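Structure record follows, encoded as structure tokens.
The values are calculated or read from the model by the stated rules, or taken from the named source; none is laboratory data. Keep in mind that this is a model prediction, so the values were computed, not measured. Note that we place each Cβ from the backbone using ideal geometry, even for glycine, and neighbour counts take in every protein chain shown.
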Amino acid sequence: MRPRFQADENLNVKIIAGVLRREPSLDFRTAKAADTLGLKDREALAAAARDGRVLVFHDRETMPARFADFIAQSISAGLLIVSQNVEIGETIEQILLVWAASEAHKWSNRIGYLPFYICAAPFGATSPRLAADMGILSDRTKFLSASLSSPFGGGRNLFLLA
């Protein structure tokens with residue numbers, strides 16, 4: 001089963017509209033539709049987890065630590081943090097790729113970042129480089145790097161740590 005997404009109230013609505021315009025079958029719920037407007041981060045995480053949805057958020061500063069605290073006590077369907085410094089069209093493409101190329105259960109208690117690098121949150125790693133520096137990457141760890149191209153220019157690397 002493909003992941004289902006829940007937007008935080010501060011997620012750029014143009015991203016949600018663009019994703020749904022490109023792939024109407026993708027399940028991406030707005031904060032308004034989920035009745036999560038005004039919730040604190042932990043409550044938004046709990047609502048998304050309760051509904052089995054990956055929470056899509058812009059906050060790179062505080063949310064990774066809040067997510068780590070949340071999954072220490074609860075199960076999450078995942079968190080996807082989207083940079084506000086990436087063009088909307090490229091962000092839409094990358095969310096579509098995440099949806100098409102991953103399974104919902106693989107996101108459980110994981111945090112991902114756009115532009116692409118996805119790492120296992122329980123280890124506290126927030127990037128492949130940090131994972132390597134922390135000694136997380138080992139012979140037992142699957143590490144995949146694939147070069148991707150975008151119609152919006154440039155290439156990106158997709159890193160998956162499983």
Restricting attention to the range 25-32, does a residue exist that is over 22 Å from His105 (Cα atoms), of a type in the set (Lys, Arg) and not in a helix (DSSP H, G or I)?
no
Can you spot a residue in the range 11-21 that is surrounded by 14 or more Cβ atoms within 10 Å (Cβ to Cβ), free of Cβ contacts under 8 Å to residues at least 60 places away in the same chain and touching a helix residue (DSSP H, G or I) at 6+ places or on another chain (Cβ under 6 Å)?
no
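Of all residues in the range 2-24, how many are of a type outside the set (D, E, K, R), assigned to a helix (DSSP H, G or I) and modelled with pLDDT of 95 or more? Talk me through it step by step, then tell me what you get.
Filtering the range 2-24 down to residues of a type outside the set (D, E, K, R) leaves 3, 5-7, 10-13, 15-20, 24.
Now restrict to residues that are assigned to a helix (DSSP H, G or I): 13, 15-20.
Applying the additional criterion that residues be modelled with pLDDT of 95 or more yields 15-20.
Residues that pass the stated criteria total 6.
Can you work out which of the residues in the range 58-82 that are assigned to a loop (DSSP other than H, G, I, E, B) and in contact with a helix residue (DSSP H, G or I) (Cβ under 8 Å, 6 or more places away or on another chain) is farthest from Leu20 (Cα to Cα)? Spell out the reasoning first.
Filtering the range 58-82 for residues assigned to a loop (DSSP other than H, G, I, E, B) gives 58-62, 74-78.
Of the ones still in play, those that are also in contact with a helix residue (DSSP H, G or I) (Cβ under 8 Å, 6 or more places away or on another chain) are 59, 62, 74-78.
Values: Asp59: 22, Thr62: 28, Ser74: 29, Ile75: 27, Ser76: 23, Ala77: 20, Gly78: 20 Å.
Only one residue tops the list, namely Ser74.
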Which residues, counting only those in the range 72-103, are of a type in the set (Ser, Thr, Tyr), crowded, with 22+ Cβ neighbours inside 10 Å and touching a strand residue (DSSP E or B) at 6+ places or on another chain (Cβ under 7 Å)?
Thr91
Could you list, in sequence order, the residues of the range 84-99 that are in a helix (DSSP H, G or I) and over 13 Å from the mean Cα position of the chain (by Cα)?
Ile88, Gly89, Glu90, Glu93
Which of the following residues is at pLDDT 95 or above, touching a strand residue (DSSP E or B) at 6+ places or on another chain (Cβ under 9 Å) and aliphatic (A, V, I, L, M): Ala47, Ala68?
Ala47
